[in-house]
Amino acid sequence: MTQIVTNLLNNASKYAEPNTTIKLVLKLINDQTVIQVIDEGSGIAAEDKAHIFERFYRSSNVRGTIPGTGLGLAIVAELASLNGAKLTLNDNVPQGSIFSVRFGKRVRNKGG
């Protein structure tokens with residue numbers, strides 16, 4: 001969990017301008033725990049969205065300008081999968097990205 005959140009926050013901070021807001025949100029939706037990292041960065045181009053969770057993938061508009069290996073989001077995707085979680089990406093309107101990690105339904109203790 002720590003690695004998922006750390007990688008998402010690091011990624012958001014790399015691509016957002018210094019004075020923009022990055023939000024870390026934890027909420028419960030229909031008995032599912034959801035972690036979101038919401039940034040006001042440059043966003044992700046439509047053609048890159050299908051590839052950003054692949055190992056070593058770097059968008060052509062950031063290659064050579066922003067340091068990184070292209071492993072951070074691939075690691076997040078793998079860790080989410082190993083924890084039975086669903087990782088999604090949505091646009092943050094008017095600018096930026098929303099990465100959500102949705103975990104399965106909570107198991108309630110019935111009796112002690």
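Quick notes on this structure:
- Along its first, second and third principal axes, ordered by size, the range 1-40 spans 35, 19, 9 Å in Cα coordinates.
- Here the Karplus relation 6.51 cos²θ - 1.76 cosθ + 1.60, evaluated at θ = phi - 60°, turns the backbone of the range 44-54 into coupling constants of 10, 4, 3, 5, 8, 4, 6, 10, 5, 8, 7 Hz, with x for every Gly and Pro.
- Here the Karplus curve 6.51 cos²θ - 1.76 cosθ + 1.60, taken at θ = phi - 60°, turns the phi angles of the range 21-35 into couplings of 8, 10, 10, 10, 10, 10, 8, 10, 10, 6, 6, 10, 7, 10, 10 Hz, with x standing for Gly and Pro.
- Per-residue SASA remark: D39, around 10 Å² accessible (1.4 Å probe; ligands, DNA and RNA not included).
- Within the same chain, aspartates and glutamates fewer than 8 places from K105 are excluded, and of the rest, those with a Cα less than 12 Å from its Cα are D31.
- 3J(HN,Hα) from dihedral phi, the range 88-99, Karplus parametrisation 6.51/-1.76/1.60, rounded to Hz, x for glycine, proline: 10, 10, 10, 6, 9, 7, x, 8, x, 9, 10, 9
- Straight-distance crosslink candidates among aspartates and glutamates, where the alpha carbon sits under 16 Å from K14 and sequence neighbours closer than 8 are dropped: D39, E40
The values are calculated or read from the model by the stated rules, or taken from the named source; none is laboratory data. This is a predicted model, so every value here is computed, not measured. Just the protein is used for accessible areas: all its heavy atoms, side chains included, with ligands, DNA and RNA removed. Shrake-Rupley method; radii C 1.70, N 1.55, O 1.52, S 1.80 Å.
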